[in-house]
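Laboratory data are not the source of any read-out in this text; all were calculated from the coordinates shown. Every value quoted in this text rests on a predicted model; they were computed, and no experiment measured them. With ideal geometry, Cβ positions are generated from the backbone for all residues, glycine too; neighbour counts draw on all protein chains shown.
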Amino acid sequence: MLDSLQRLGQAGLDRFQRLGQSVLFLITVVARMMAIVRYPSLLIQELYSVGVLSLALISISGLTVGMVLALQMYTTLVNFGAEQMLGPVVALSLVRELGPVLTALLFSGRAGSALTAEIGLMKTTDQLSVMEMMAVDPIRRVVVPRFLAGIISMPLLATIFSAAGIMGSYLVGVGMLGVDDGAFWSLMRDKVSLSEDVLNGLYKSILFGVAAVWIAVYEGYQAVPTTEGVSRATTRTVVHSAFAVLGLDFVLTAIMFGDY
Amino acid sequence: MRTSRTVEILVGMFLVLGMAAFIMLALKVSNITTFTENDVFQVTARFENIGGLKVRSPVRMGGVRIGRIGEISYDDQNLEAVVTMEINQKYQKIPNDSEASIYTAGLLGEQYISLEPGGSSEFFIQGDEVEETQSALVLERMVGRFLINASDQTNSSSDN
């Protein structure tokens, strides 16, 4: 009885310790962020591996999600004779919700896991301690460029996802299902507002980017330096990012769109 | 590993693509041309019942959107709803005896205020009030009236 209570307490303390550590880690990273002006080429390299290489996945997912959404919504809307509303329905759901959330989930699977594995393996192969020995700060040199690249890429990728999705729904809705071309765009423009829908979606994606990339670099940096440790850290990155993004999404949606 | 020049060009293209997607969302998908505070004038109208009218609902004249609802409040002195309309400054020559009515777009669509032009040669200016108003048609109330009428008729026909 007491033993199980002790185990529960231990697990709880462990969780809180990790949470505290990750916050301290975030503060360290943010405090050393300015170091990036000394190595801008590192940021570009990371933007390439985090952003450019995710581009194909993100744009193709966006396109297919938009196409499927158009097909699904059409079958429901046509029952009410409201198939012209296809444009606004697809645009609003992509811009407000699906763009930021799906991009964040795909991003943590595609780029977050890679970041964790990369930093974890650098630790396992003692590259990080060698850097410290050479008086190079691994946080400034390794973590900060990856952190910033993730935060910059995420909103761009989410915007590309939404734009690709709207193009996809245009192809299916107007090209295949025969929704009126003019009504599709003009109703969309009538219902979607820049400040309330597009920008709120963008803020969401920035916050998701911070959460996903923070979890990724923290797990990598704190990974147990063994093969198994790195594999566990990578799994944890994907799982924790998914929970963080979905939880954060509920809170942000309640704050941004809750009073409607 | 690719050469750094290729990487830099690809990153540049990525950034341009992201911005282009944002500009597309801003210009093609959303309505960037909403009226700002400066180029509107406000006109109030009092209604017995505003139905489902909301802030930001459109104000139309002859079907053309000329402004939007800025504020809705209730005047508990006169027991009326007070709606403040923000009309685009472009439309200076709206006769000040125009009638404001609340209509629904389609059967289940959103509600909006429609201004029917009057014959006066004086025009609405900032802070004016619409004299002639017509409340929203509340569907439930109409159905209720119809049912009462129908039951009255059946009663009277059975009396004869």
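Each residue of the stretch A:125-134 was assigned a 3J(HN,Hα) from its phi angle through the Karplus expression (A = 6.51, B = -1.76, C = 1.60, θ = phi - 60°), giving 8, 6, 5, 5, 5, 5, 4, 4, 5, 7 Hz with x at Gly and Pro. Listed by chain and number, the lysines whose alpha-carbon sits under 27 Å from that of B:Lys28, ignoring those within fewer than 8 places in the same chain, are A:Lys191, A:Lys204, B:Lys54, B:Lys90.
Counting only DSSP beta bridges with both residues in chain B, the antiparallel share comes to about 75 percent.
If I take every Cα pair under 8 Å that is 6 or more residues apart in the stretch A:51-252, average their sequence separation and divide by the length, what percent do I get for the relative contact order?
Numbers: 282 pairs, mean separation 79.0, N = 202.
It rounds to 39 percent for the stretch A:51-252.
First obtain the Kirkwood hydrodynamic radius of the stretch A:13-57 from its Cα pairs, then insert it into the Stokes-Einstein equation at 25 °C and 0.890 mPa s, and state the resulting D in µm² per second as a whole number. For the chosen part, D equals 192 µm²/s. Using the Stokes-Einstein relation with a Kirkwood hydrodynamic radius computed over Cα pairs, the translational diffusion coefficient of the stretch A:15-109 at 10 °C and a viscosity of 1.306 mPa s comes to 94 µm²/s. Distances between placed amide hydrogens fall under 5 Å for B:Glu132 paired with B:Ala100, all partners being 5 or more residues away or on another chain. Highest mobility in the GNM of chain A, judged by mean-square fluctuation with C-alpha springs under 10 Å and restricted to A:Gln84, A:Gln127, A:Gln222, is found for A:Gln127.
What ratio of Cα Rg to 2.2 N^0.38 Å holds for chain A?
On the way: Rg = 21.5 Å, N = 260, 2.2 N^0.38 = 18.2 Å.
Working it through for chain A, the quotient is 1.18.
Database remark: amide H of B:Gly51 closer than 5 angstrom to the amide H of B:Ala136 (H placed geometrically; neighbours at sequence offset of 5 or more, or on other chains; Pro and chain starts carry no H). Normalised by 2.2 N^0.38 Å, where N is the number of residues, the alpha-carbon radius of gyration of the stretch A:143-260 equals 1.39. The label-point distance for B:Ile72 and A:Ala183, in a model that sets each label 7 Å from Cα toward Cβ, rounds to 2.7 nm. 3J(HN,Hα) along the stretch A:220-227: x, 5, 9, 4, 5, x, 9, 4 Hz, from the Karplus curve 6.51 cos²θ - 1.76 cosθ + 1.60 with θ = phi - 60°, whole Hz, x for Gly and Pro.
Can you tell me the convex hull volume per residue for chain B, based on C-alpha atoms, in Å³ to the nearest whole number? Show your work: numbers first, answer last.
On the way: hull volume 35.0 nm³, N = 160.
It comes to 219 Å³ per residue, whole-number rounded.
Rounded to whole numbers, the Karplus 3J(HN,Hα) couplings from phi for the stretch A:231-247 are 5, 5, 4, 5, 4, 4, 4, 5, 5, 5, 4, 4, 4, 4, 5, 5, x Hz, using 6.51 cos²θ - 1.76 cosθ + 1.60 with θ = phi - 60°, and x at Gly and Pro.
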